[in-house]
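Working notes for the structure below.
The values are calculated or read from the model by the stated rules, or taken from the named source; none is laboratory data. Here the structure is a predicted model, which means the values were calculated and not measured. Heads up, the Cβs are rebuilt from the backbone with ideal geometry, glycines too, and the neighbour counts pull from every protein chain shown. We work out accessible area using only protein heavy atoms, side chains counted, and drop any ligands, DNA or RNA first. Shrake-Rupley method; radii C 1.70, N 1.55, O 1.52, S 1.80 Å.
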Amino acid sequence: MLSRMGVDYYWSYKNIKNGYGIFDEGIAVLSKSRITKAVCLTVSREDNYNDWRTRKLLGVKVKDYPDDIFFSVHYGWWNDSDSFADQWLKTINGIREYKNIWLMGDFNNPAEIKGEGYSLVSASGFYDSFLKAQSRDDGITVNGIIDGWRDRIKSDAKGMRIDQIWSCRKAEILSHRIVFDGKNYPVISDHYGIITEIKLP
């Protein structure tokens with residue numbers, strides 16, 4: 001569809017689980033630079049397409065930035081039986097061979113809650129692109145309460161910043177803004193999107 005519109009991308013996709021009994025849920029990475037390597041890492045205890053708790057990361061290396069690897073992620077919750085802390089430990093062990101690492105997606109750990117997943121990532125030597133950005137908005141990627149959060153957060157919550165972009169690289173983050181939120185492009189999901197402009201050497 002993008003090619004028909006005159007926009008060409010390289011891409012990789014990994015299906016992970018069956019959602020709600022009808023959806024083929026997965027993660028993807030699209031790149032304007034040719035993909036030279038794709039890797040998939042299971043971070044959950046389960047590795048079963050029919051178990052919604054299955055969690056994986058999909059990473060790609062691209063021609064224009066050979067020292068960097070870009071992961072699309074979707075983690076579990078902090079206080080789940082298969083906790084974020086356990087999934088994060090598997091992540092750290094699985095990515096230690098790479099140099100400049102980018103982790104992008106649904107962390108299921110609100111930046112507003114200290115002492116849980118967000119704090120764990122920050123303490124692991126990663127930088128939050130939202131905080132590093134020279135220009136940014138409020139960063140809220142989920143407005144109100146959505147599936148998976150109804151029993152985990154106060155009913156009067158105004159929103160959460162659970163979709164994040166982290167890197168262990170000290171890159172210059174020029175901007176960080178939210179899209180597909182009804183203000184900047186139509187809403188297409190219960191999660192909004194993030195656009196960051198990053199200056200790499």
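One table, with the values for the structure above:
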| quantity | calculated |
| --- | --- |
| Chymotrypsin sites (Phe, Trp or Tyr not before Pro), loop per DSSP, at most 14 other Cβ atoms within 10 Å - longest free stretch of the chain | 50-201 |
| Gain upon complete extension [Lys90, Cys168; 0.36 nm per residue less C-alpha separation] | 26.4 nm |
| Nearest-10 value in Å² for the accessible area of Arg161, using the 1.4 Å probe | 20 Å² |
| Accessible area (Å², 1.4 Å probe, nearest 10) - Lys63 | 120 Å² |
| Per-q log10 I(q)/I(0), the stretch 1-60, q = 0.19, 0.30 Å⁻¹ (Debye; single scatterer per alpha-carbon; no solvent) | -0.75, -1.16 |
| Percent accessible area from carbon and sulfur atoms, the stretch 11-60, protein chains only, probe 1.4 Å | 49 percent |
| Whole-Å distance, taken between Cα centres, linking the stretch 103-139 and the stretch 10-30 | 24 Å |
| Chain lengthening between Tyr185 and Asp51 when straightened (0.36 nm per residue, less Cα-Cα) | 44.9 nm |
| Probe 1.4 Å, accessible area per residue of the stretch 1-136, Å² | 55 Å² |
| Descending semi-axes in Å of the chain, equivalent ellipsoid built from Cα gyration tensor | 24, 21, 20 |
| Distance between modelled label sites at Lys99 and Ser81, nm, 7 Å Cα→Cβ extension | 4.3 nm |
| Estimated [θ] at 222 nm from DSSP helical runs (n ≥ 4, -39500 (n - 2.57)) normalised by residues in the chain, nearest 500 | -3000 deg cm²/dmol |
| Ratio Rg/Rh [Cα only; Rh per Kirkwood] for the stretch 39-104 | 1.01 |
| Members of Lys61/Lys90; Lys17/Lys183; Lys17/Lys170; Lys56/Lys99; Lys56/Lys114 lying beyond 29 Å, as alpha-carbon distances in this model show | Lys17/Lys183; Lys17/Lys170 |
